[in-house]
Amino acid sequence: MKYLQKIGSIGYVLIALLFFVCGFTLIVLGAIEIWSALRPSDEHSVQDRFRLILECVGLLTIAVAALELGQTVLEEEVQRAVHVSSPTRLRRFLSRFLIVVVVSLGVECLVGVFQFVHTKPELLPHVASIGLAAAVLLAAWGMFVRMNVEAEKLEPEAMREAQKEDKNVET
């Protein structure tokens, strides 16, 4: 059984590493994008530069999401070896994941609005659907957390154990 846990841990480390590689690659692409937007020798119009900067914001948003997901996988699956059976651990794991998703969708919606409001207003309903999806996820997550509080009261030892693991991971 411990052998299977080691194999699983190696798999999670590999997944986290790939998230980190993707995140840093997107940061490099964002830096290239911002350089091309700010390079004084190019003959870009202000709107072209604005579009490039917005694309950079989008790339960096996805990079932050990838890095945060890599960190979540590493901490929750490797350092804590979480078994998502107790309500406390399930809520914590899903909360970390959904924070990244909701914030990323919100930023992408904002970038989309700025990008398409003057150039392609016919795409604004698509952008609005991204914002609506973020709002629905946020509301569903809030309901889940609210309903999960009652389940956590049934297992107070799981909450104490999770808090103890937090202290171990932070040090």
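Here are a few things to note about the model shown:
- With q set to 0.18, 0.20 Å⁻¹, the log10 of I(q)/I(0) for the range 15-124, from the Debye formula over equal scatterers at the Cα positions, is -0.91, -1.02.
- Across the range 11-67, Cα-Cα distances exceeding 18 Å account for 41% of all pairs.
- Ile10, Ile62, ranked by accessible area, largest first (probe 1.4 Å): Ile10, Ile62
- Inter-part distance, the range 26-46 to the range 122-142, computed on C-alpha centroids, equals 29 Å.
The values are calculated or read from the model by the stated rules, or taken from the named source; none is laboratory data. What you see is a predicted model; the values in this text were computed from it and never measured. Calculation scope for accessible area: heavy atoms of the full protein, side chains included, ligands and nucleic acids excluded. Shrake-Rupley method; radii C 1.70, N 1.55, O 1.52, S 1.80 Å.
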